[in-house]
Amino acid sequence: MKISLTINGREVSADVEPRTLLVHFLREDQGLTGTHIGCETSYCGACTVLVDGKTVKSCTMFAVQADGASITTVEGLADNGQLHPVQEGFWERHGLQCGYCTPGMIMSAVGLLQEKQSPSEDEIRHAIEGNLCRCTGYHNIVRAIEYAAAKMRGEEPPPPDWEEEEVSV
Amino acid sequence: MTTTTSVLGGAVRRREDPALVQGRGRYVDDIKLPGMLHAAFVRSPYARARITSIDASAALAMEGVHAVYTADDVRHLGPLLAQVPVGKLRPLLADGMVNHAGEAVAMVVAESRYLAQDAVDAVVVDYEPLEAVVDLRDAASDRIKVHDDLDSNVIITWEAGPFGNEEAMAETKRKIAEAKQRDDTVVVSLDMVNQRLIPTAIEPRAVLANWMPGYERFEVYSSTQVPHALAGAIAKTFGLASNAVRVVAPEVGGGFGAKLNVYADEILVSFASKALGRPVKYTETRRESPHNTIQGRGWLGTATIVGTRDGEVLGYEIHAICDMGAYSQNFTAAIPFLGVFVGSGQYKFPTHMKLDLVHTNTMTTDAYRGAGRPEAIYYLERILDEYAAAIGMDPAEVRRKNYIPADQFPGAMAPVGFALDTGDYEKNLDAALRFFGWEDLKAERDRARAEGRYVGLGLSSYVEVCGFGPSALVDLGFSWSEYGLPSAFNGSGLVRVNPDGTATVIIGTGPSGQGHQTTWAQIVSRELGIPEDRIRVTHGDTAESPMGIGTFGSRSAAVDGAATYEAAQKVREKAARIAAHLLEAAEEDIRFENGGIHVAGSPDKSLTWEDLAKTAYQPHLLPEGLGGGLEAHSVFSPSNATWPFGTHIAMVEVDPETGDVDILRYMAMDDCGNVINPMIVNGQIHGGIAQGVGQALFEDAIYDSDGNLLTGSLVDYPLPTAADLPNFELRRTVTPSDANPLGVKGIGEAGTIASAQTIVNAVVDALRPLGVRHIDMPLRPKRVWQAIQDAQSGRNG
């Protein structure tokens with residue numbers, strides 16, 4: 001089937017098998033391998049992208065369903081080499097280790113911050129509960145999103161909470 | 001309380017991250033090679049069955065299907081190599097029998113991923129199902145044998161107290177038996193399950209093999225923690241020289257021990273690539289993963305403690321049956337032995353451990369974060385809490401009373417028979433109790449209880465063994481010799497100053513998120529003064545690194561880090577000779593500071609690294625006999641493993657109506673010796689704690705009695721989410737290791753080893769007023785609620 005859509009601001013037309021998943025279309029046909037696959041049941045969220053501004057798990061959406069849509073993947077976030085505040089937050093606050101869940105996690109955070117400028121910690125934790133991370137225990141992901149939220153409000157981000165010093169008794 | 005600094009580097013941002021946050025990281029499944037084919041596997045729906053026929057004709061007739069391989073095609077290559085070949089080794093493809101659900105029976109190779117999957121569905125396999133063995137006691141009884149050609153399902157028994165000394169072990173048993181007979185002692189015993197877990201790195205495993213005809217060599221990309229072992233296994237399997245196989249582990253999306261294995265699919269796609277002359281890729285699906293990638297844990301055991309009424313433990317025993325699954329892979333039979341290393345924890349009391357390792361009709365178990373150590377520490381630290389409750393003593397004080405005292409270090413001998421490096425357990429406990437305010441926490445819990453809330457405090461000490469390791473471990477079977485690698489666990493580090501004054505560091509590790517590019521740049525920058533952003537670190541490529549044991553067992557910094565430190569020192573020595581020659585000064589007066597080189601007391605007599613490096617590559621400008629170039633390689637063997645330790649504390653609240661557990665606070669005081677990058681160290685602890693909490697509250701690999709995995713997808717196997725976990729409050733004490741020149745100890749697994757029982761101890765503490773003594777993990781609401789009901793009706797404890 002023929003589809004036309006916009007990916008990261010670029011017009012794309014393609015002929016795809018009806019059963020092709022959006023995530024495979026992005027990764028294999030479009031070469032956008034930043035969107036990852038961690039499961040095939042919408043649970044892990046590694047494949048999260050923005051479809052018309054809303055976060056969607058691209059492993060359970062067919063490419064043909066994206067006909068006419070505007071899609072943003074993690075590759076489309078940075079602006080001329082300038083990292084998006086969420087990307088910067090993940091870097092500054094050690095919000096990633098292996099980096100595999102990171103693109104999906106970042107897209108979910110971007111989706112959250114589009115809707116809420118000042119999410120509480122609880123709101124952040126619930127907003128990303130559809131994105132699984134096995135490395136970080138989420139602690140620093142929450143800090144990274146708090147950092148980005150502050151940045152996007154034009155405020156000074158809170159300082160990091162790791163300690164340089166040991167405790168002696 | 002005072003604070004001091006023992007940080008060798010600092011909390012600098014990671015070099016790895018800019019690519020990863022922009023989706024530009026390259027993982028195996030991202031790589032496409034010209035002409036690449038895709039593999040998929042036909043898997044058994046039965047846990048135990050005879051294969052009566054395989055008909056691949058319909059699959060082979062599909063356009064674009066290149067091959068369907070079965071055991072007949074690959075029997076000559078197998079079985080799969082294992083480093084500890086105890087028990088039954090895995091055939092590359094099921095050979096006549098299947099022994100666990102999801103076992104690979106045939107491999108399809110086709111033009112596309114979708115087509116390969118279609119062809120899998122077209123392969124017809126007939127099975128004659130047989131009764132499966134799943135229950136551990138049933139397996140140990142040998143009522144049904146998993147493998148007819150083995151004498152017993154019990155493949156080995158590890159016994160210690162101390163290990164390897166029959167006479168001393170008899171003495172230990174006698175002491176414990178005598179203590180139990182005394183009428184002034186208390187005996188506390190619990191049957192406990194340390195359940196099977198599915199490691200679940202978010203990146204499923206993937207491998208891409210490319211046999212290059214004419215070049216007669218393999219280039220293989222794999223999502224592995226052990227690229228050199230895989231290269232060795234492929235070379236050995238196909239009869240090639242080691243330098244005819246290049247394995248690259250690019251970005252690896254989490255490992256946690258599950259990628260510390262050479263897998264049948266890695267050998268099989270290599271075989272297919274060689275047979276077909278095309279690159280072949282295989283990427284696991286999440287549904288396949290629990291049947292294809294190792295699982296972890298799986299102990300069913302009884303822990304017993306005997307002690308006085310004032311808190312002196314006189315003996316501790318654990319007897320457990322440990323689930324190996326159907327086949328032994330890499331370290332399968334050695335994993336419980338890692339629990340033996342730490343079986344007596346931080347304590348001095350006589351300890352007797354007996355672990356029976358059994359085959360069952362389930363997926364293989366092997367190393368999952370902690371690997372044997374979380375299991376052993378769980379039993380010990382759970383039963384210590386029950387003992388403390390039985391004698392009415394503060395659980396922290398029971399631990400303090402039984403610690404190996406600080407004056408025994410370094411080199412204290414643990415009752416299970418191993419010498420520890422360094423330790424000061426009481427210092428760490430005191431730091432935890434004072435810094436986190438143990439007395440205040442207890443008062444807060446008591447106030448909550450008075451209000452009718454079910455709030456509990458849990459505490460656990462732990463000691464871990466990691467940083468493998470010393471060459472002597474070879475005698476215990478811990479090595480990589482089966483894969484043709486140098487038999488010890490040595491580390492490798494190569495430091496090269498390039499002609500432009502930048503540095504390249506090549507290490508033998510295989511990280512999966514631990515930030516080695518950052519940390520190793522810090523190690524080298526600290527020695528040479530070259531700024532970190534001018535140092536590039538590469539790892540996970542067997543063509544670049546002369547040797548490498550990989551990343552597992554919290555070993556990288558303590559072993560490969562130390563090797564790199566030594567290599568940097570050698571480079572520095574040579575650089576000092578060149579600088580002394582150029583600056584006409586004495587070698588001992590050369591200083592490496594502020595990114596350059598100068599003579600002590602004469603800052604104007606200076607060189608840049610670029611000046612020096614340029615000279616180093618022009619031998620005619622160098623002192624006679626020094627030789628050109630500026631690089632050094634070091635292979636380092638530590639004098640001991642490292643033994644980090646710590647104290648974790650959790651405060652939880654249980655809703656008695658629903659059984660829901662809420663973690664109110666989680667506090668950790670760890671001691672991993674000197675720290676290079678505190679940001680990365682904390683990140684490791686966070687992730688470790690999260691996996692232990694996952695075991696405590698959520699995760700469970702459940703097989704039914706027919707051997708069907710009931711929790712094979714993320715829908716049924718809940719990982720902790722951001723909404724399930726609290727913030728973690730971390731601090732540390734520092735007791736430098738004497739086993740390596742950096743004084744560091746491993747930290748990758750500590751959080752996991754410490755946390756599961758910390759949570760369970762807290763939940764049991766919360767419910768003790770209701771009469772609950774123990775609940776087996778995972779403490780999901782239904783199980784907690786049921787335990788409350790049982791306790792209320794007198795059925796628990």
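The values are calculated or read from the model by the stated rules, or taken from the named source; none is laboratory data. Worth saying up front: this structure is predicted, and the values here are computed from it rather than measured. As a convention, Cβ positions derive from the backbone with ideal geometry for all residues, glycine included, and neighbour counts pool all protein chains shown. Surface areas here come from the heavy atoms of the whole protein model, side chains and all, with no ligands, DNA or RNA. Shrake-Rupley method; radii C 1.70, N 1.55, O 1.52, S 1.80 Å.
In Å³ and rounded to a whole number, note down the convex hull volume per residue for the Cα atoms of chain B.
Values: hull volume 139.0 nm³, N = 797.
Value for chain B: 174 Å³ per residue.
Express the carbon and sulfur contribution to the solvent-accessible surface of chain B as a percent, rounded to the nearest whole number, probe 1.4 angstrom. All intermediate terms of the calculation are to be shown ahead of the outcome.
Working: 12160 of 25730 Å².
The C+S portion of the solvent-accessible surface of chain B is 47 percent.
Using a 1.4 angstrom probe, figure out how much accessible area segment B:490-636 has per residue, in square angstrom, rounded to the nearest whole.
Accessible area per residue, segment B:490-636: 38 Å².
Taking each pair of distinct Cα atoms in segment A:14-169 once, what is the resulting Kirkwood hydrodynamic radius in Å? Mind dumping the intermediate values first?
Values: mean 1/r = 0.0616 Å⁻¹.
Evaluated over segment A:14-169, this radius sits at 16.2 Å.
When Cβ neighbours within 10 Å are restricted to other protein chains, what is their mean count per residue of peptide A:25-37?
Details: counts 0, 0, 3, 5, 0, 0, 2, 2, 9, 8, 1, 9, 8.
Per residue, the average neighbour count from other chains is 4.
Provide the per-residue ³J(HN,Hα) series for segment B:588-597, in order, calculated from phi with Karplus coefficients 6.51, -1.76, 1.60 and θ = phi - 60°, each as a whole number of Hz, with x at glycine and proline positions.
Result, rounded to whole Hz: 5, 8, 6, 10, 10, 8, 6, x, x, 9.
Can you list the residues, at least 5 places off or on another chain, whose amide H is less than 5 Å from the amide H of A:Glu166, using H built in the peptide plane?
Residues meeting the criterion, in which the H sits 1.01 Å from N, are B:Thr4, B:Ser6.
Assigning unit charges at the beta carbon (Lys, Arg +1; Asp, Glu -1) and nothing else, what dipole magnitude in debye, to the nearest 20, does segment B:625-708 show about its Cα centre?
Working: 1 positive and 12 negative charges, 151 e Å.
Approximately 720 debye in magnitude.
Among B:545-551, B:254-260, B:763-769, how do they line up by average Cβ neighbours within 10 Å per residue, starting with the highest?
Values: B:545-551: 23.9, B:254-260: 27.3, B:763-769: 22.1.
Peptide ranking by packing, descending: B:254-260, B:545-551, B:763-769.
By per-residue mean of other Cβ atoms within 10 Å, what is the highest-first order of B:298-307, B:235-244?
B:298-307, B:235-244
Averaging over all projection directions, find the projected area of the Cα convex hull of segment A:1-85 and quote it in nm² with one decimal place. Intermediate values should be presented prior to the final figure.
Working: hull surface 21.8 nm².
That works out to 5.4 nm².
Along the charge dipole of the protein assembly as shown, Cβ charges K/R +1 and D/E -1, which of B:Phe698, B:Leu714, B:Gly540 sits furthest on the positive end?
B:Gly540
Could you tell me which of A:Gly111, A:Ile124, A:Asn140 has its Cα farthest along the dipole of segment A:85-152 towards the positive end, charges placed at Cβ (Lys, Arg +1; Asp, Glu -1), taken about the Cα centre?
Ranked along the dipole, the leading option is A:Asn140.
All other residues with a Cβ under 11 Å from the Cβ of A:Ile7 taken together, and with Lys, Arg as +1 and Asp, Glu as -1, what is their net charge? Write down the numbers at each step before the final one.
On the way: positive: A:Arg10; negative: A:Glu11, A:Asp29, A:Glu75.
Result for the neighbourhood of A:Ile7: -2.
Assuming 0.890 mPa s and 25 °C, estimate D for the protein assembly as shown with Stokes-Einstein, Rh taken as the Kirkwood radius over Cα pairs, in µm²/s.
On the way: Rh = 29.1 Å.
Answer from the Stokes-Einstein relation: 84 µm²/s.
Check cross-link reach from B:Lys32 to the lysines: straight Cα distance under 27 Å, and skip same-chain residues fewer than eight apart.
Of all the lysines, those that pass the test against B:Lys32 - Cα under 27 Å, at least 8 places apart if same chain - are A:Lys2, A:Lys57, B:Lys236, B:Lys259, B:Lys274, B:Lys281.
Would you mind checking which residues have amide H under 5 Å from B:Met97's amide H? H placed 1.01 Å from N; only 5 or more apart, or other chain.
The answer is B:Ile51.
Return the average number of partner chain Cβ atoms within 10 angstrom of each residue Cβ along peptide A:157-163.
On the way: counts 0, 0, 0, 4, 6, 9, 10.
Partner-chain Cβ atoms within 10 Å, mean over residues of A:157-163: 4.
Over segment B:490-636, what per residue volume does the convex hull of the Cα atoms give, in whole Å³? Kindly include the intermediate steps, with their values, before the conclusion.
Numbers: hull volume 15.1 nm³, N = 147.
Hull volume over Cα atoms, normalised by residue count, gives 103 Å³.
For segment B:296-420, with only Lys/Arg (+1) and Asp/Glu (-1) charged at the beta-carbon, what is the dipole magnitude about the Cα centre, in debye rounded to 20? All intermediate terms of the calculation are to be shown ahead of the outcome.
On the way: 10 positive and 13 negative charges, 34 e Å.
It works out to roughly 160 debye.
Would you mind putting A:70-80, B:644-654 in packing order, based on average other-beta-carbon counts within 10 Å, highest first?
Working: A:70-80: 18.6, B:644-654: 27.8.
The peptides rank, most packed first, as B:644-654, A:70-80.
Tell me the total accessible area that A and B bury against each other, 1.4 angstrom probe, in square angstrom rounded to 100. Mind showing how you got there, number by number?
Values: alone 9470 and 28630 Å², together 32180 Å².
Chain pair A/B: roughly 5900 Å² of buried accessible area.
Can you find, among A:Gly45, B:Asn727, B:Gln757, the residue farthest towards the positive end of the dipole of the protein assembly as shown? Put +1 on the C-beta of Lys and Arg, -1 on that of Asp and Glu.
Ranked along the dipole, the leading option is A:Gly45.
Can you pull the mean other chain C-beta count within 10 Å for peptide B:685-691?
On the way: counts 2, 9, 10, 2, 2, 7, 3.
Partner-chain Cβ atoms within 10 Å, mean over residues of B:685-691: 5.
Less than 26 Å apart at the alpha-carbon level, and either on another chain or at least 8 residues along: which lysines does that give for B:Lys348?
Within the straight-line cut-off, B:Lys348 pairs with B:Lys173, B:Lys175, B:Lys180, B:Lys401, B:Lys427, B:Lys745.
With only Lys, Arg, Asp and Glu charged, each at its Cβ (+1 for the first two, -1 for the last two), find how big the charge dipole of segment B:490-636 is about the Cα centre; round to the nearest 20 debye.
Magnitude of the dipole: close to 300 debye.
For B:Lys32 and B:Leu60, calculate 0.36 nm times their separation in residues minus their Cα-Cα distance, and state this gained length in nm to one decimal.
Working: separation 28, 0.36 × 28 = 10.08 nm, distance 2.41 nm.
Going from the current span to full extension adds 7.7 nm.
Can you run phi through the Karplus equation (6.51, -1.76, 1.60; θ = phi - 60°) for segment A:33-47 and list ³J(HN,Hα) in whole Hz, with x for Gly and Pro?
The phi angles translate into 7, x, 7, 9, 10, x, 7, 9, 10, 6, 8, 8, x, 5, 9 Hz.
Take every Cα pair under 8 Å in chain B that's 6+ residues apart, average their separations, divide by the length, and report that relative contact order as a whole percent. Can you show the working numbers first?
Working: 2033 pairs, mean separation 122.4, N = 797.
Relative contact order here is 15 percent.
Modelled label-to-label distance, A:Lys54 and B:Ala244, 7 Å Cα→beta-carbon offset: nm?
A separation of 5.7 nm, rounded to one decimal place.
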